[in-house]
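A short write-up of the structure that comes next.
The values are calculated or read from the model by the stated rules, or taken from the named source; none is laboratory data. Since the structure is predicted, the reported quantities are computational estimates derived from the model, not experimental observations. Reconstructed Cβ throughout: ideal geometry from the backbone, glycine too, with neighbour counts over all protein chains shown.
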Amino acid sequence: MSVELTGAEITIRCLQEEGVHCIFGYPGGAVLFIYDELFKQDKVRHILVRHEQAAIHAADGYARSSNKVGVALVTSGPGVTNAVTGIATAYMDSIPLVVISGQVPTSAIGLDAFQEVDTVGITRPCVKHNFLVKDVTELAQTIKKAFYIASTGRPGPVLVDIPKDVSQQKTKFAYPDKITMRSYNPVTKGHSRQIKKAAELILSAKRPVIYAGGGVILSDAAPQLTELVQMLNFPCTNTLMGLGGYPATDKQSLGMLGMHGTYEANMAMQYCDVLVAVGARFDDRVIGNPKHFSNENRKIIHIDIDPSSISKRVKVDVPIVGDVLDVLKELIKLLKAGKEKPDQTALKEWWKQIELWRERDCLKYDRESKIIKPQMVIEKLFSITKGDAFITSDVGQHQMWAAQFYKFDKPRRWINSGGLGTMGFGMPAAMGVQLANPKGKVACITGEASIQMCIQELSTCKQYKLPLKIINLNNRYMGMVRQWQEFFHGNRYAESYMNALPDFVKLAESYGHVGMKIERPEDVESALKEAFKLKDQLVFMDFITDQTENVFPMVPGGKGLSEMILV
Amino acid sequence: MENEAGALSRVAGLFSARGYNIESLTVAPTEDPTLSRMTLVTIGSDEVVEQVTKQLNKLIEVVKIIDLNEGNHIERELMLVKVRAIGSDREEIKRLVEIFRGCIVDVTDKSYTIELTGTSSKLDAFLEAVERNAVLETVRTGASGIGRGEWILKV
């Protein structure tokens, strides 16, 4: 026990103790000692990305698809600033990450040293917490704290900044089994009286809706949510972050709600009398204008682990602070124990109304089109993968179509940047997903604009033989920007046309992958089938799609949920 | 809050990032040197103050937070003020300092430096009472607060 280890050794030992099998990173001066220790062992595998942003997105995809803490390792200065976009992405979507960054030696901090930035300062607003370790004797404890904070309560990224001299200094190593912090004690169990109130309100509902968000996914509560929805025969709508929390192919699913949600989901949300919000936060892309939303009277139950998410944008009647999984279990137990059932006649009427809204067929599009419709590509992808693939996406129209047309029945299958809306997220995230699920089918739905923001990762995919299927919906525009310009800026397409695109087939081939260009609707299905047959290879599918297609329904910014633009 | 480097900037950063106002802020270590106590004065509607409280609670280094306005409390601020004091003004200012229960802590033949403690409005009142162009320099700490009675804020 008296053997002393260097800070670098301790760092790696801590990762091993945490059961980390795979980290993503990029070496540099300040982390050389840590890389040296990585080199000497084989328990923790390191994936070398081509840009630090991708390291964080990959760790993020790894975490989202596996419910483990994602880990990334970057150097000081530009290593950190490149990572910031990834960290902010994870922060907005509450993804547990531990980011280890190198820092200049403690003696050089504050002296504008080479590759020095104030890492703790730069990342402070976009991490759950961060640490600068100035003393090697505090390193193990700090890393333990980082994993604990990242993965408990409302999860989030935690950064540990390690100066180069600290990684070199020696101390005795003992990894703490447990950590307690007087200033951090996240609540998990919901208040029983509040849960009882919620149960009473649920039983009194005549026009109920269950509105489920990313919290259901994060707390692994999809089975409980499904049980609750089905035992009550209530309609359920999922947010962009919550897709897969309730099976989308089930008849009680109203699909996604919000700015590009279905007509039936948004109408039900607006006109319900009891709303059960589960791990969701009423954000601006979900409820539209909060004033318009509050025009209708409804009682709201809100289950969330983060008290600051409750009554932030919408006043709620029954707040329940707690882990979604715990609270749902309690709620189900209570409802089962009681004899009362919801008013079946009223529910029948409500479902009748919902069916009328459904008949509006809000997701219809021209299926006879001679040009490839992006929606059709996703529908085919869904049927060919039997709905069982991991789908990552970038940000824009393709993301919304993926959310609308790929019917997620399972949690942790839909990986996207919902909060921050980070273009460039899709492919690196897919790398992390594939590494966490080596046997899984992983597809990245993207567009020609987004994919170019992290295109360099095609090289990483080659190095580690990651057989991703890239579905590039190529409409030669930043589609969502173009759509807003068409609707709200008089068709003036300022800088949204993607000129001088590369030949994606040749590009993929130059990285050693398979490229395909698909230009006719009748070729879509066979191309997808062929691509998925190439089990060991990354296939870049460049679908040349309709340039004028728009995402419908759409709730314009500042409008109410029921004020949708429909096709 | 934990007496750690960077804790203050987390609080200050939270206020600027979320668009809340800091009217004043005082902070110093407590009798337990691992803890600092901060008194922060902000103005906002009940909803805003509720959000501020919740957001502050989320900061890992914040151990406990109370809204002193929810009960009776004592609030004090310290001000050091340098005033011009020449001729007959010297007596007049001395009397004023007595009335406000302050004390003169430094003297030159042209000026007094006065120490004054009280609620922020008392300090304002003193400055009003002194002739405006007699005030040469002021420094104020911002309010520190503590609850009345036997109830204590303890970790």
Next item on the list: Quick one: which strands (runs of 3 or more DSSP E) lie wholly within the range B:40-147 and hold at least 2 residues that are over 14 Å from the mean Cα position of the chain (by Cα) and β-branched (Val, Ile, Thr)?
Entry: B:73-84, B:103-107, B:111-118
Margin query: Filter the range B:134-146 down to the residues that are modelled with pLDDT of 95 or more and either under 24 Å from residue B:111 (Cβ atoms) or surrounded by 15 or more Cβ atoms within 10 Å (Cβ to Cβ) (or both) and list them by number.
Written below: B:135, B:136, B:137, B:138, B:139, B:140, B:141, B:142, B:143, B:144, B:145
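Residue by residue, here is whether (1) surrounded by 23 or more Cβ atoms within 10 Å (Cβ to Cβ); (2) aliphatic (A, V, I, L, M) holds:
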residue: A:449; (1), (2): yes, yes
residue: A:474; (1), (2): yes, no
residue: A:482; (1), (2): yes, no
residue: A:488; (1), (2): no, no
residue: A:513; (1), (2): no, no
Notebook entry, point to check: Is it the case that the range A:39-51 has a residue that's in a helix (DSSP H, G or I) and touching a residue at least 12 places away in the same chain (Cβ under 8 Å)?
Noted result: no
Item checked: Matching residues, the range A:318-332, being in contact with a helix residue (DSSP H, G or I) (Cβ under 9 Å, 6 or more places away or on another chain) and more than 14 Å from chain B (Cβ to nearest Cβ) -> A:318, A:320, A:322, A:323, A:324, A:325, A:327, A:328, A:329, A:330, A:331, A:332
Note to self: On the basis of being over 15 Å from the mean Cα position of the chain (by Cα) and of a type in the set (A, V, I, L, M), does residue A:420 make the cut?
What the structure shows: no
Check: Does residue B:61 satisfy the criteria of being surrounded by fewer than 16 Cβ atoms within 10 Å (Cβ to Cβ), within 14 Å of chain A (Cβ to nearest Cβ) and touching an Asp or Glu at 6+ places or on another chain (Cβ under 7 Å)?
Finding: no
Checklist line | Test: residue in the range B:22-39 that is of a type in the set (A, V, I, L, M), in a helix (DSSP H, G or I), touching a strand residue (DSSP E or B) at 6+ places or on another chain (Cβ under 7 Å) and in contact (Cβ under 8 Å) with a residue 24 or more places away in the chain | finding: no
Checklist line | Complete set of residues in the range A:287-302 that are at pLDDT 95 or above and under 25 Å from the mean Cα position of the chain (by Cα) | finding: A:301, A:302
Item checked: Candidates A:113, A:212, A:205, A:199 - the one that is closer than 30 Å to residue A:270 by Cα, among the aliphatic types (A, V, I, L, M), modelled with pLDDT of 95 or more and surrounded by fewer than 23 Cβ atoms within 10 Å (Cβ to Cβ) -> A:199
Check: Going through the range A:125-143 one residue at a time, which ones are within 25 Å of the chain's Cα centre (by Cα) and within 14 Å of another protein chain (Cβ to nearest Cβ)?
Finding: A:125, A:126, A:127, A:128, A:129, A:130, A:131
Check: Taking the range B:1-58 only, how many residues are surrounded by 18 or more Cβ atoms within 10 Å (Cβ to Cβ), among the small types (Gly, Ala, Ser) and more than 11 Å from chain A (Cβ to nearest Cβ)?
Finding: 1
Next item on the list: Tell me which residues, restricted to the range A:30-49, are under 12 Å from residue A:167 (Cα atoms) and either under 31 Å from the mean Cα position of the chain (by Cα) or among the small types (Gly, Ala, Ser) (or both).
Entry: A:30, A:31, A:34, A:35
Note to self: Quick test for you: out of A:320, A:305, pick the one residue that is at pLDDT 95 or above, in contact with a Lys or Arg (Cβ under 7 Å, 6 or more places away or on another chain) and crowded, with 23+ Cβ neighbours inside 10 Å.
What the structure shows: A:305
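Search the range A:110-124 for residues being among the hydrophobic types (A, V, I, L, M, F, W, C) and under 35 Å from the mean Cα position of the chain (by Cα), and hand back the single one that is farthest from residue A:24 (Cα to Cα). Write out each step before concluding.
Going through the range A:110-124, the residues among the hydrophobic types (A, V, I, L, M, F, W, C) turn out to be A:111, A:113-114, A:117, A:120, A:122.
Adding the requirement that they be under 35 Å from the mean Cα position of the chain (by Cα) leaves A:114, A:117, A:120, A:122.
Details: A:114: 24, A:117: 21, A:120: 20, A:122: 21 Å.
Checked the range A:110-124; the qualifying residue farthest from residue A:24 (Cα to Cα) is A:114.
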Next item on the list: Starting from the range A:343-367, take each residue that is among the aliphatic types (A, V, I, L, M) and list its partners that are part of a loop (DSSP other than H, G, I, E, B), counting only C-beta distances under 7 angstrom and pairs at least six apart or across chains.
Entry: A:346/A:206; A:347/A:233; A:354/A:235; A:363/A:262
Item checked: Residue tally, condition within 11 Å of another protein chain (Cβ to nearest Cβ) and among the charged types (D, E, K, R), over the range A:103-124 -> 2
Notebook entry, point to check: Scanning for something at pLDDT below 95, small (Gly, Ala, Ser) and farther than 14 Å from residue A:99 by Cβ, does the range A:28-48 turn up at least one residue?
Noted result: no
Checklist line | Pair list, Cβ < 6 Å and 6+ apart or interchain, from the range A:125-153 residues that are in a strand (DSSP E or B) to residues that are among the hydroxyl-bearing types (Ser, Thr, Tyr) | finding: A:130/A:123; A:131/A:142
Note to self: Let me spell it out: the conditions are (1) at the interface with chain B (Cβ under 10 Å from one of its Cβ atoms); (2) at pLDDT 95 or above; (3) at negative phi, and residue A:183 meets all of them except one. Which number is the exception?
What the structure shows: (2)
Notebook entry, point to check: Could you give every pair whose Cβ atoms fall below 8 Å, whose first residue belongs to the range A:434-454 and is over 26 Å from residue A:68 (Cβ atoms) and in contact (Cβ under 8 Å) with a residue 12 or more places away in the chain, and whose second residue is assigned to a loop (DSSP other than H, G, I, E, B) and among the basic types (Lys, Arg), counting only separations of at least 6 or pairs across chains?
Noted result: A:448/A:476
Note to self: For the range B:104-133: of the residues being modelled with pLDDT of 95 or more and among the β-branched types (Val, Ile, Thr), which is surrounded by the most Cβ atoms within 10 Å (Cβ to Cβ)?
What the structure shows: B:114
Check: For residues in the range A:388-404 being part of a loop (DSSP other than H, G, I, E, B) and aliphatic (A, V, I, L, M), which is farthest from residue A:249 (Cα to Cα)?
Finding: A:395
Check: Can residue A:29 be described as in contact with a strand residue (DSSP E or B) (Cβ under 8 Å, 6 or more places away or on another chain), under 15 Å from residue A:172 (Cα atoms) and small (Gly, Ala, Ser)?
Finding: no
Notebook entry, point to check: Out of (1) modelled with pLDDT of 95 or more; (2) under 19 Å from the mean Cα position of the chain (by Cα), what's the single condition that is false for residue B:153?
Noted result: (1)
